[in-house]
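The values are calculated or read from the model by the stated rules, or taken from the named source; none is laboratory data. All values reported here derive from a predicted model rather than from experimental measurement. FYI the Cβ positions are ideal-geometry reconstructions off the backbone, even for glycines, and counts take in every protein chain you see.
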Amino acid sequence: MSAEKPRGSTLSTLDLDRTGFHELRGGNLGVRIATTDAEKDAAQALRYRVFFEEMGAHPDAQAQRLKRDVDEFDEYADHLLVIDHAISSGPEGVVGTYRLMQGDAASRLGRFYSQSEFDISPLTEFPGRLLEVGRSCVDARYRGRAAMQLLWRGIAYYIFLHQIDVLFGCASLPSPNPDDLSEELTYLYQNHLAPPALRVRALPERRVEMLRRDPLTIDTRSALAKLPPLIKGYLRLGGYVGDGAVVDPQFNTTDVAVLVKSELMADKYYRHYERRLRDALD
């Protein structure tokens, strides 16, 4: 539950304060965990607008009737929200969201979302705490740096709060035709493949090869420029991709598995944003 922050909080005190997720602010925007059904409903409504109405995903009958993107994982997950307090400090102000599901929640449900596309046994056998992230979206009016940076800051804070060791999930490239993505997929496979101990693999029946061109013909700068901002964000944090991609026909995407070890996130993210984080909490 959100709580008032003591003035003068710093990164070191955040590391020790595990009593709850305190809202982080940046101007009119804040990031926090949904605490009510109405806030979760607002996140699901935003997801529907972005994924189905804007990006052309194909809703099932329930989604179309409710105008909500809803699935069985929502009840077990935490929902990170970006709130525009200039609109409202409640559900009406939700302009960004990210779904976060810890390993113990996945155990209660029986699986992670990613397991419908990838064999994640290298992670589930990993001796540490897992966090699956997904369903990331931001309202079209807020797709500048501020909202996405707040989501990253929220995830980083959540990782420290819950002592997460590995963050992972499915990240989407905007086409269901892998041949349209040959440069990006080849670049990711050639330059950011996870080490064997953590190498998630696409399920054999859904696997699409990522190495689709001669790597020597890839223009690295061009390939990076074509990657969605979310995937570039994972890479900047020292993230990896799994072996093999998967086409998701419902969402009109080609998905890759991404993973980040939390100490890499700490080194590459928190050092850079410590001052901003401190300012937001003061």
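All of (1) touching a Lys or Arg at 6+ places or on another chain (Cβ under 8 Å); (2) surrounded by fewer than 18 Cβ atoms within 10 Å (Cβ to Cβ); (3) farther than 26 Å from residue 121 by Cβ; (4) modelled with pLDDT of 95 or more hold for residue 161 with one exception: (4).
Restricted to region 196-212, and to residues there that are surrounded by 15 or more Cβ atoms within 10 Å (Cβ to Cβ) and assigned to a loop (DSSP other than H, G, I, E, B), the residue that is nearest to the chain's Cα centre (by Cα) is 200. The condition of being touching a residue at least 60 places away in the same chain (Cβ under 8 Å), closer than 18 Å to residue 159 by Cβ and among the hydrophobic types (A, V, I, L, M, F, W, C) holds for only one of 112, 126, that being 126.
Residue-level check: of (1) in a helix (DSSP H, G or I); (2) among the small types (Gly, Ala, Ser); (3) within 28 Å of residue 249 (Cα to Cα); (4) modelled with pLDDT of 95 or more, residue 96 misses just (1). Scanning region 54-92 for residues that are within 21 Å of the chain's Cα centre (by Cα) and farther than 24 Å from residue 116 by Cα yields 54, 81, 82, 83, 84, 91. Tell me, please, whether a residue that is modelled with pLDDT under 95 and buried (at least 18 other Cβ atoms within 10 Å of the Cβ) can be found in region 58-66. Checked against the condition, which is being modelled with pLDDT under 95 and buried (at least 18 other Cβ atoms within 10 Å of the Cβ), region 58-66 yields at least one hit.
Could you go through region 220-234 and let me know if any residue there is within 29 Å of residue 56 (Cα to Cα) and assigned to a strand (DSSP E or B). No, region 220-234 contains no residue that is within 29 Å of residue 56 (Cα to Cα) and assigned to a strand (DSSP E or B). Test of understanding: among 216, 185, 173, 193, which residue is surrounded by fewer than 20 Cβ atoms within 10 Å (Cβ to Cβ) and at pLDDT 95 or above? When all the criteria are applied, what remains is 193. Looking across 74, 15, one residue alone is among the charged types (D, E, K, R), in a helix (DSSP H, G or I) and modelled with pLDDT under 95. It is 15.
Screening residue 82 on (1) surrounded by 16 or more Cβ atoms within 10 Å (Cβ to Cβ); (2) closer than 30 Å to residue 24 by Cβ; (3) out of contact with any helix residue (DSSP H, G or I) (no Cβ under 7 Å at 6 or more places or on another chain) shows it passes everything except condition (3).
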